[in-house]
Ligand SMILES: Nc1ncnc2c1ncn2[C@@H]1O[C@H](COP(=O)(O)OP(=O)(O)OP(=O)(O)O)[C@@H](O)[C@H]1O
Ligand SMILES: [Mg+2]
């Protein structure tokens, strides 16, 4: 196991020959206590994978404690972003992004995602104390390389962003949104580049009521 950061937001990485599994240690502690919902959710996704990708149907496990569905807020499917899901289990909502990287070197790759988040979490620190905006980053909970129906896939699990947040680029025509975009541009200018990319309004959630800004989907 490689420890790649030591603050409370650290992400641990474990490499085996085929899979890469990284997880947030706080989440790992929860997993130990209650490993079943996570595994069961994963099996539920595998079982209904094609329907989840192509339809809006929701699927539940037998006990009715876990529900999986295509994410409402997941945007129009991108080329590499195969599907985005919402998993409701144990009174929590999780976001799952699944991609088939194929041969595209720019697609979400587990190792690069971990690296990008690690850099983002480190560099954004000075902005966490901003007076106007409540800045935070999305915490990746699990980053996983796996094989589904014989095809290599990457999975990213994070908390499902709460109600009230919207992708910032969608709010560019509002006064608060335009102002927040200026702020994000300033952040990007200061900490973007040199191993940290895609810190734009497409990859930031904004809640105009609370002035919350959540950075996500960084690229390394
Ligand atoms: N944690 C989350 N909770 C809820 N919805 C999310 C979450 N993360 C991402 N999304 C939604 O899924 C979309 C795609 O996520 P992400 O940016 O990680 O993937 P992407 O492949 O880069 O797509 P895009 O080109 O839109 O940025 C986001 O634009 C947002 O609408
Ligand atoms: Mg994105």
Would you tally the residues in the stretch 170-214 being in contact with a helix residue (DSSP H, G or I) (Cβ under 6 Å, 6 or more places away or on another chain), within 13 Å of ligand 1 (Cβ to nearest atom) and outside any loop (DSSP other than H, G, I, E, B)?
5
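Taking the condition modelled with pLDDT of 90 or more, closer than 24 Å to residue 167 by Cα, within 11 Å of ligand 1 (Cβ to nearest atom) and in contact with a strand residue (DSSP E or B) (Cβ under 6 Å, 6 or more places away or on another chain), does residue 68 pass? Before the answer, list the steps.
Working: modelled with pLDDT of 90 or more: yes; closer than 24 Å to residue 167 by Cα: yes; within 11 Å of ligand 1 (Cβ to nearest atom): no; in contact with a strand residue (DSSP E or B) (Cβ under 6 Å, 6 or more places away or on another chain): yes.
Considered against the rule, which asks whether it is modelled with pLDDT of 90 or more, closer than 24 Å to residue 167 by Cα, within 11 Å of ligand 1 (Cβ to nearest atom) and in contact with a strand residue (DSSP E or B) (Cβ under 6 Å, 6 or more places away or on another chain), residue 68 comes out as no.
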Test set (1) under 21 Å from residue 88 (Cα atoms); (2) surrounded by fewer than 15 Cβ atoms within 10 Å (Cβ to Cβ) - residue 134 fails condition number:
(1)
Mind listing whichever residues of the stretch 167-180 are surrounded by fewer than 16 Cβ atoms within 10 Å (Cβ to Cβ) and within 29 Å of residue 41 (Cβ to Cβ)?
170
How about the stretch 171-208: which of its residues are away from ligand 2 (no atom under 16 Å from the Cβ), farther than 19 Å from residue 125 by Cβ and under 20 Å from the mean Cα position of the chain (by Cα)?
207
Inside the stretch 83-97, can you point out the residues that are in contact with a helix residue (DSSP H, G or I) (Cβ under 6 Å, 6 or more places away or on another chain) and not in a strand (DSSP E or B)?
90
Here are the criteria: (1) without any contact (Cβ under 8 Å) to a residue 40 or more places away in the chain; (2) assigned to a helix (DSSP H, G or I). Tell me which single one residue 114 does not satisfy.
(1)
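The values are calculated or read from the model by the stated rules, or taken from the named source; none is laboratory data. What you are looking at is a predicted structure, and each value in this text was computed from that prediction instead of being measured. Here Cβ is always computed from backbone atoms with ideal geometry, including for glycine, and neighbour counts include all displayed protein chains.
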